[in-house]
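A short reminder: the numbers here are calculations on the coordinates, not readings from a lab. Quick caveat: nothing in here was measured; it's all calculated off a predicted structure. Positions of Cβ are backbone-derived with ideal geometry, glycine not excepted, and every protein chain shown enters the neighbour counts.
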Amino acid sequence: MSNLEHYLETEDLHPIDLVETLAEHHDWDFDRIAEDQIAMAIEGQWRTYSITLAWSNYDETLRMVSTFEMEPPKERLPELYEVLNRANDTCWTGAFSFWEEQKLMVYRYGLLLSGGAGAGADQIGRMLNAAVSASERFYPAFQLVCWGDRTPEESMQVAIAEAYGRA
């Protein structure tokens, strides 16, 4: 077992300490904002995603928010919201929303760790992967509906078949 794996399997490890260790291991840019919060940047094919994870002792939840900038034309917002609803129907682990005031597309997920449950490196890695994968999958649909003058149905056709692996 490598030193990293041994360290990541320690039961007493704070969830944000675990995320920081993963970020260092993957050489992601990150900033430990507070004891219970970390922000990082993960490069995707389409965008660089700004991801923040925060631990709440109060409700024992590890919250993840992944964002990227998007400034759709106001007249296309109803179509964008329809595509968001369609995308969310296919996402099992998180959900998209558009923060119009901040001009941000957002993917959110909360991992409930009640009763003293701990998160493992694999679990947190899957959370991060789900955020980037979903954003990569639906990014073309968001673009097509906003700037490609496509209907929500047409835009979603590019995201229907999930791609696996890398070219």
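Points worth noting:
- Radius of gyration (Cα atoms) of the chain, expressed as a multiple of 2.2 N^0.38 Å: 1.11.
- Largest to smallest principal axis extent of the C-alpha atoms in the stretch 24-93, angstrom: 41, 30, 22
- 17 Å cut-off, amide nitrogen to a point 7 angstrom out along Trp99 Cα→Cβ, residues in the stretch 108-130: 108-110
- Rounded to the nearest 20 debye, the dipole size of the stretch 1-143 about its Cα centre is 640 debye, using +1 on the Cβ of Lys and Arg and -1 on the Cβ of Asp and Glu.
- Förster-model FRET efficiency, 30 Å R0, Arg126 and Glu75, C-beta, rounded to 0.05: 0.20
- Spin-label model, Glu153 to Asp31: label points 7 Å out along the Cα-to-beta-carbon direction sit 4.5 nm apart.
- Folded to 0 to 90 degrees: helix 77-90 orientation relative to the chain principal axis, Cα: 50
- Unit charges at the beta carbon, dipole of the stretch 1-153: most positive-side option, Gly115, Val145, Trp46: Val145
- Summing charges over neighbours of Glu24, with a neighbour being any other residue whose Cβ is under 12 Å away from its Cβ, gives -3 when K and R count +1 and D and E count -1.
- For the chain, the longest principal axis of the Cα atoms and the long axis of helix 121-147 meet at an angle of about 10 degrees.
- Between the helical axis of 15-26 and the longest alpha-carbon principal axis of the chain there is an angle of about 70 degrees.
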